[in-house]
Structure formats: structure tokens, C-alpha cells
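One structure below.
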Amino acid sequence: MRLLFFAGSARKGSHNKKLARLGQHIAEANGIEAVFVDLADFYMPIYHGDLEEAEGVPERARAFKALLDEYDGVMIVTPEYNASVPALLKNTLDWVSRVKAEEDVFKTRVFAISGASPGYYGAMRSLLQLREILSVGLGATVIPQQMALPRAMQAFEEDGSLKDDNQQKMFADVVEALAVATRKFAA
């Protein structure tokens, strides 16, 4: 079993990248092969049907879809921009969904979602929308466990773990739930 972790933010100091990397480390500490990838390495133009018709699906969308194909479970950690999913994340999902293949990567993987925000809600509003995009829009299996990390600016230790032991355990539980669901889904 292999798990992929990525954040819906390309910002260098992203709290969501920190949380996604923490998920990778938790998985690895439990003997699970896990990788973190950065959406900054997968730049794609804003989705536009005329662009797709004229130029086809961008190579970076094909590359990201191929990467998703390599993993059995995926955790997406998203920020919240104006009470919504960031455009970068939505655009990535939109383009990947346009890559034609025999196997639909969204219907053949298990997904987990979490998010971090400096605000009080901890990206909860974007998590609601992301769950709907994945499950309703793309037909993905999304586990019910998730974590919304509030006040992310003060949440992390220097080593990347969470300062609050309860939050650390809660996030580890989400990673474990993804691993368990992925094993069952693949069986």
C-alpha cells in the first residue's frame, strides 16, 4: 500500500503543506510507504474548454494524473480562501478529471481530506466543499474522518509535529483511517 499526500496550496510557508508533510511522516512511522508532492511542481493554466479543445490537456495534468495512479490512497490538505476551496486545488482536480484513461483515478482510490487555517474554523468550510467536489462531482470514495486545524500559525512545533497532543493524535487517527480504508478498498 502506498499513500500520497499533497496540499491545495503552492505557497512556500503553507500551513497545509506542513500538515500534509506531517501526514506523510505519520504514515512512514507506521511502516506505510508515503510521499508528499507539491502542486507548485504541477503548474497548469486555468481550465477553459476552448483551451482544452485547441491544445488538449496540459502535460502537467497528465503527469499529476499519472502520479495519482501510482498510489492507493490520497490525502488532500486544503486551505480555505474566502470560505471556499482554493482555485489552485479546484483547477488541478478539474484538469486531472479531463485526462482520458481506462481507469478513473478518482473512482479507484480512497481519499482523505483535512485542512488548516489561521482562522477559528480551521478550513472547515473548504473541507465541506472539497468533500462534495470529490464525492459528488468526481465519484471518489472519501473517508468520513477529517481534521480541521484552527489557528495554524501557532499550531506547529519546529519539527513539524503539532503542539497540541490531542490535535496530533486526531490527525494521526485520520492518517490511520485512510490506511485502513485503503487496505479494505484494494482487497
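Return the residues of the stretch 70-89 that are under 24 Å from Arg125 (Cβ atoms) and surrounded by fewer than 19 Cβ atoms within 10 Å (Cβ to Cβ); say none if nothing qualifies.
Going through the stretch 70-89, the residues under 24 Å from Arg125 (Cβ atoms) turn out to be 74-89.
Tyr81, Asn82, Ala83, Ser84, Ala87 - these are the residues of the stretch 70-89 that are under 24 Å from Arg125 (Cβ atoms) and surrounded by fewer than 19 Cβ atoms within 10 Å (Cβ to Cβ).
How many of the residues in the stretch 19-38 are in contact with a helix residue (DSSP H, G or I) (Cβ under 6 Å, 6 or more places away or on another chain) and closer than 26 Å to Met153 by Cβ?
Residues that pass the stated criteria total 5.
Suppose we filter Met147, Met170, Met153 for residues that are assigned to a strand (DSSP E or B) and either closer than 16 Å to Lys18 by Cα or touching a residue at least 24 places away in the same chain (Cβ under 8 Å) (or both); which single one remains? I'd like the intermediate steps shown before the answer.
Details: Met170 fails: assigned to a strand (DSSP E or B); Met153 fails: assigned to a strand (DSSP E or B).
Answer to the check: Met147.
So the check is Cβ under 8 Å with 6+ separation or different chains; which pairs have a first residue in the stretch 10-21 that's crowded, with 21+ Cβ neighbours inside 10 Å and a second one that's aliphatic (A, V, I, L, M) and in a loop (DSSP other than H, G, I, E, B)?
These pairs meet every condition: His15/Ala155; Asn16/Ala123.
Output the qualifying pairs, or none if there are none: Cβ atoms under 8 angstrom, residues six or more apart or on different chains, first residue in the stretch 104-115 and touching a residue at least 24 places away in the same chain (Cβ under 8 Å) and more than 11 Å from Asp72 (Cα to Cα), second residue basic (Lys, Arg) and surrounded by fewer than 21 Cβ atoms within 10 Å (Cβ to Cβ).
Within 8 Å, the pairs are Ile113/Arg131.
Would the stretch 133-140 turn up any residue that is in contact with a Gly (Cβ under 7 Å, 6 or more places away or on another chain) and in a helix (DSSP H, G or I)? Lay out the reasoning, then the answer.
So in the stretch 133-140, the residues in contact with a Gly (Cβ under 7 Å, 6 or more places away or on another chain) come out as none.
Among the residues of the stretch 133-140, not one is in contact with a Gly (Cβ under 7 Å, 6 or more places away or on another chain) and in a helix (DSSP H, G or I), which makes the answer no.
For residues in the stretch 26-47 being surrounded by fewer than 17 Cβ atoms within 10 Å (Cβ to Cβ) and hydrophobic (A, V, I, L, M, F, W, C), which is nearest to Arg98 (Cα to Cα)? Don't jump to the end; show me each part of the working.
Looking only at the stretch 26-47, we keep the residues that are surrounded by fewer than 17 Cβ atoms within 10 Å (Cβ to Cβ), and these are 28-31, 33, 35, 38, 40-41, 43, 45-46.
Those still in the list that are hydrophobic (A, V, I, L, M, F, W, C) too: 29, 35, 40, 46.
Values: Ala29: 35, Val35: 24, Ala40: 20, Ile46: 13 Å.
Filtering the stretch 26-47 for residues that are surrounded by fewer than 17 Cβ atoms within 10 Å (Cβ to Cβ) and hydrophobic (A, V, I, L, M, F, W, C), the one nearest to Arg98 (Cα to Cα) comes out as Ile46.
Every number in this text was worked out from the coordinates using simple rules, so none of it is lab data. Quick caveat: nothing in here was measured; it's all calculated off a predicted structure. Using ideal geometry, Cβ is built from the backbone for each residue, glycine included, and neighbour counts are taken over all protein chains shown.
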